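*Asks:* This is the structure, below, for whatever I ask next.
Since every read-out is calculated from the coordinates, none of them should be taken as a lab result. Since the model is a prediction, treat every value here as computed from it, not as a measurement. Glycine also receives a Cβ, built like all others from the backbone with ideal geometry; neighbour counts cover every protein chain displayed.
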Amino acid sequence: MTNITRYICSDCGFSTVTKTGKCPSCGAWGTLEQHDEVKTAASRAGHSRVEVVSAASVTPPGRVSSGINELDRVLGGGLVPGGVVLLGGQPGIGKSTLLLQACGFMAAAGVSVLYISGEESSAQVALRASRLGVASGNLLLFCGSDIEDALSRVTEDIGFFVLDSVQAMRAPDSPEGWPGTPNQVRAVAQLVIDKARAMNVPAVLVGHITKDGKIAGPMLLEHIVDVVLSFTGEGYSSYRMLRGAKNRYGGTDELGVFEMREDGLRAVEDKSGLYWNRADTVVPGVAMTVALEGSTPLVAEVQTLAAPTAFPYPKRTSRGIELNRFQLLAAVLEKRAGVVCGAYDLYLNIAGGLSIQDPSADLAACVSLASALLGRPTFAASCWLGEIGLAGEVRPVTRLTLRLREAERLGLKRAVISAREKNDSSWPKNMEIKKVNSLNEALKIGGVC
Ligand code: TYD
Ligand code: MG
């Protein structure tokens, strides 16, 4: 028999064998608590088997539809029996609404669903359910904060359950602490995972997030669940984005977009419409591109304003493209294409609040900048897809065909791409596709200089 003493931080769940005043992981003081573990030889011996991985032993997981296509797509095809999803998001973003709607659709499809609410009273949930029009005989509701009591209601006939939220529940047999403390959150999550596995039903846990966007509670929580989804949105907008951060059963590159309306959340099919109002803009300083959010192509409008300044240090601001990248592009434009930026304040913006991380929008940014500086619009209904190198060369972008198809779907007529892109028979037939080697060539083709 061996005695192991561990010190576990009650704030972040960090575990160490040495006692220190300050947690080395989260920096909190006085939060390390002593936990003694006794390991016997039998427990150390382990009971796990070593298995051979062969194609024959692999069966793809069966999927259960949540009734919301957009959610199913982000999940990689639907919920997986025995799999636990953690849905994180700020308070008021719409987590409870989304899940209650999913529960309603599943109940209507004949699945017995249990919605466990630790935060709201049954009257509040029932009111919301009736507003959303999801009341059904198959939708059962449990309101309370005792996790063992709640999970005892997950009986044989339940086909899906939701726990809203992991921070509001209390595990009576586990280390003391208020609901929401790391020990409690971990214990509650583990009980839910054990239950979902034992009953072989899918489950969703709701988790609140802290100010810096992390799911509140021990970091361990994200490791022990199978799927982590984040639900985000800007305060001023009614649009909500659903993204996968981890998925043991599929990819994490799908984007789900919803609009919060009076009668609940509605999926937004036309995602490019969020960022582009389809005005056939011929104003100087505007150029279109197709950005990728995960694997979702989004047509975006890059806008630049150039205002003359008398100050020796002109101002550069950029929203949607990293400022350093924008400054670099301005320097390349000046040096390689001879478009002088020095005497102008420059303001770049991607319309609609989109943020583009990959360099595929470089060409559109340069064209928009040159067009603003020279006061000449580029041709209408066109998009610009290319990365710009320091020598002023136009480089290929990833997943070009996907981007071109989205541009065509939205009625764009022309695309300017890198000459190094290999022709592909699946490119849209009705678009005029022009290849360029350099930024100079692109500006000439666009009629900017
Ligand atoms: P909610 O689902 O309670 O958020 P969370 O569970 O993430 O905290 O959503 C709360 C907000 O959504 C609230 O401010 C009201 C708004 N809302 C609507 O606009 N329409 C609706 O149909 C519902 C149910 C909520
Ligand atoms: Mg809620």
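*Asks:* Among Ala198, Val188, Gln167, which residue has its Cα positioned farthest towards the positive end of the charge dipole of region 120-213, with +1 placed on the Cβ of Lys and Arg, -1 on the Cβ of Asp and Glu, and the dipole taken about the Cα centre?
*Replies:* Gln167
*Asks:* Region 288-332: Rg/Rh from Cα coordinates, Kirkwood Rh?
*Replies:* 1.07
*Asks:* Please identify the longest segment of the chain free of exposed GluC sites (Glu not before Pro), where exposed means a DSSP state other than H, G, I, E or B and no more than 14 other Cβ atoms within 10 Å.
*Replies:* So the longest stretch without any such site is 323-449.
*Asks:* Among Cys449, Cys12, Cys103, which comes first, second and so on when ranked by fewest other beta-carbon atoms within 10 Å?
*Replies:* Ranking Cys449, Cys12, Cys103 by Cβ neighbours within 10 Å, fewest first, gives Cys449, Cys12, Cys103.
*Asks:* How long is the gain from Ser145 to Ala380 if the chain were fully straight, where each residue apart is worth 0.36 nm and the alpha carbon distance is subtracted?
*Replies:* Stretched out fully, the Ser145 to Ala380 stretch lengthens by 78.7 nm.
*Asks:* Which entries in the list Lys413/Lys444; Lys335/Lys413; Lys315/Lys444; Lys335/Lys422; Lys271/Lys435 go over 20 Å, if you measure between the two C-alpha atoms of each?
*Replies:* Lys335/Lys413; Lys315/Lys444; Lys335/Lys422; Lys271/Lys435
*Asks:* Could I ask something else about it? Quote to one decimal, in nm, the extra length available between Glu259 and Thr401 on full extension: 0.36 nm per residue of separation minus the C-alpha distance between them.
*Replies:* This chain segment gains 48.3 nm when fully extended.
*Asks:* So, R0 is 25 Å and r is the distance between the beta-carbons of Lys315 and Lys335; what FRET efficiency does that work out to, to 0.05?
*Replies:* Calculated transfer efficiency: 0.80.
*Asks:* In the chain, what % of DSSP beta bridges are antiparallel (nearest 5)?
*Replies:* 55 percent
*Asks:* Right, here's the next one. What does the charge count near Arg153 come to, summing +1 for each Lys or Arg and -1 for each Asp or Glu among other residues with Cβ under 13 Å from its Cβ?
*Replies:* With Lys, Arg at +1 and Asp, Glu at -1, the net is -4.
*Asks:* Provide the FRET efficiency to the nearest 0.05 for the Ser238-Ser15 pair, computing r from the beta carbons and using R0 = 35 Å.
*Replies:* That pair, Ser238 with Ser15, gives E of 0.25.
*Asks:* Further question: Roughly how many Å is it from the Cα centre of region 368-407 to that of region 96-155, as a whole number?
*Replies:* Using only Cα atoms to place each centre, the spacing works out to 49 Å.
*Asks:* Based solely on C-alpha atoms, express the radius of gyration and the Dmax of region 50-194 in angstrom.
*Replies:* When restricted to Cα atoms, region 50-194 yields Rg and Dmax of 16.3, 52 Å.
*Asks:* Also, I was wondering about something else. Output the Kirkwood hydrodynamic radius of the chain, Cα pairs only, in Å rounded to one decimal.
*Replies:* After inverting the pairwise mean of 1/r, the radius is 25.2 Å.
*Asks:* So how do Trp276, Trp427 line up by other beta-carbon neighbours within 10 Å, fewest first?
*Replies:* With the sparsest Cβ surroundings first, the list reads Trp427, Trp276.
*Asks:* Next question. Name the aspartates and glutamates eligible as straight-distance cross-link partners of Lys95: C-alpha to C-alpha under 16 Å, and not fewer than 8 places from it in the same chain.
*Replies:* Glu70, Asp72, Glu119, Glu120, Asp164, Glu234, Glu259, Glu262, Asp263
*Asks:* Considering the convex hull of the alpha carbon atoms of region 346-436, report its projected area averaged over all viewing directions, in nm², one decimal.
*Replies:* For region 346-436, the mean projected area of the Cα convex hull comes to 6.5 nm².
*Asks:* Still on this model: Can you show me the helix-derived [θ] at 222 nm for the chain, built from DSSP H runs with n ≥ 4 at -39,500 (n - 2.57) apiece and divided by the number of residues, rounded to the nearest 500.
*Replies:* My calculation for the chain gives -7000 deg cm²/dmol from helical runs alone.
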